[in-house]
Amino acid sequence: MANATYTFSGSTQPVGLGNAGSLAEAVANINIVYHKELEDWVQKFSAMKNFYRLCYEGPGAGTDFYVSEAITSSGVAHETDENAEPWIGDITPGYSKSVTVKERTYSLALTWFFTYHNKYPQLELDAIRGAASATGNRMEYDMAMPFTYCTSTAVTNIDARSVDISTGDGLSLASASHTLRNSPLTYRNRIATDPQISKGAIELGENLFHQQMYDNNGSPVAIVPDCIVTASDKTTFNVAQQIVKSASTLDAPNASVHNPYQGAYRVIMASAIDRKFNVGDKNFQFDSTKQKQWMLVDSMNSGLYLFVTLYPTVMAPTEANGGTQFLTGQKTWKGRAVYEPVCLDPRFCVISVVTTS
């Protein structure tokens with residue numbers, strides 16, 4: 001996601017609508033607020049951007065895409081007798097999945113009565129800000145869904161549609177028995193007993209990265225995580241901060257004991273992880289059962305992909321684009337984004353699915 005670019009036209013300074021004396025002035029002022037809010041969202045966009053590989057396809061690219069891992073080969077040489085043929089290694093395709101991008105929209109309508117009586121100064125800026133960030137917020141929650149429901153392979157979202165959040169082996173993101181394409185071995189990326197975060201729990205997660213990960217031929221691979229990710233629980237987040245920023249280890253008998261974790265990780269709070277996003281929870285309510293969930297992530301080798309054909313954008317109403325409805329006289333601003341996240345390779349993360357009551 002680091003190479004994603006966002007460009008919005010117009011001023012970046014919010015302007016109150018109290019100086020709007022006409023539809024044209026209101027459109028200009030509302031657009032400024034929209035653009036400012038979108039840019040603010042881009043800056044926040046999010047903790048999730050750290051864990052996705054961006055696949056920007058642009059307009060005209062179609063809606064159906066296919067993503068696959070690089071082809072791997074077994075990497076251990078064998079002894080060969082004199083004049084014998086060399087040992088032939090296995091060439092194996094990695095995980096693969098298909099993905100279809102979908103449109104997300106949000107609109108803000110001003111009634112004919114509102115515009116006819118020039119009530120623009122009464123329009124609350126908060127309403128505009130909320131509408132401007134709606135598509136961005138939706139993208140954030142869609143990207144968080146594989147983590148929020150990391151023990152499931154599918155979830156019914158707020159639109160009552162089933163969403164596939166399985167990985168390339170058909171299992172949930174967090175699993176104790178992930179399978180490989182060309183080996184009977186399995187590996188786990190869910191920490192046993194799902195401990196709350198601590199120095200010892202982090203070491204358990206690191207051991208999974210170094211002892212339990214294989215390529216699709218069953219050859220061991222060493223993965224080095226660079227992020228500790230928490231949900232919104234401040235205690236969990238602060239403990240992680242203490243572990244990686246203290247000069248000495250937290251359990252050291254004196255202050256002169258070097259902390260091997262100092263500076264080893266970025267600590268990221270991804271507050272969307274403990275928000276409900278399934279059918280019946282349309283306001284993204286806080287889910288206390290997931291607040292202490294945390295994970296180690298290799299952000300440089302993420303197995304998550306975000307296919308985008310249109311970034312969050314806004315269209316203002318004009319007579320030319322049909323922004324004024326003939327029957328009602330409403331003038332409508334519309335936010336739109338077209339994208340879809342897909343979860344391919346689970347080996348980039350190790351998760352502790354801490355559940356609290």
*Kindly indicate the residue of region 159-180 that is under 18 Å from THR100 (Cα atoms) and β-branched (Val, Ile, Thr) and also surrounded by the fewest Cβ atoms within 10 Å (Cβ to Cβ) among those meeting that condition.*
VAL163
*asked:* Can you go through ASP226, ASP251 and tell me which one is surrounded by 14 or more Cβ atoms within 10 Å (Cβ to Cβ) and either within 26 Å of THR151 (Cα to Cα) or at pLDDT below 85 (or both)?
replied: ASP226
_Residues (among the hydrophobic types (A, V, I, L, M, F, W, C), over 16 Å from GLY335 (Cβ atoms) and buried (at least 17 other Cβ atoms within 10 Å of the Cβ)) located in region 129-157_ = MET143, ALA144, MET145, PHE147, CYS150, VAL155
_Any helices (runs of 4 or more DSSP H) falling wholly within region 91-206 and containing at least 1 residues that are touching a Ser or Thr at 6+ places or on another chain (Cβ under 7 Å) and modelled with pLDDT under 95_ = 112-116, 134-148
*ILE243 fails exactly one of the following numbered conditions: (1) within 30 Å of PRO184 (Cβ to Cβ); (2) assigned to a helix (DSSP H, G or I). What is the number of that condition?*
(1)
*asked:* polar (S, T, N, Q), at pLDDT below 80 and surrounded by 11 or more Cβ atoms within 10 Å (Cβ to Cβ): which single residue out of ASN31, ASN50 fits that description?
replied: ASN31
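The values are calculated or read from the model by the stated rules, or taken from the named source; none is laboratory data. The structure displayed is predicted, hence computed values, not measured ones. Methodologically, a virtual Cβ is constructed for each residue, glycine included, from the backbone with ideal geometry; neighbour enumeration extends over all protein chains shown.
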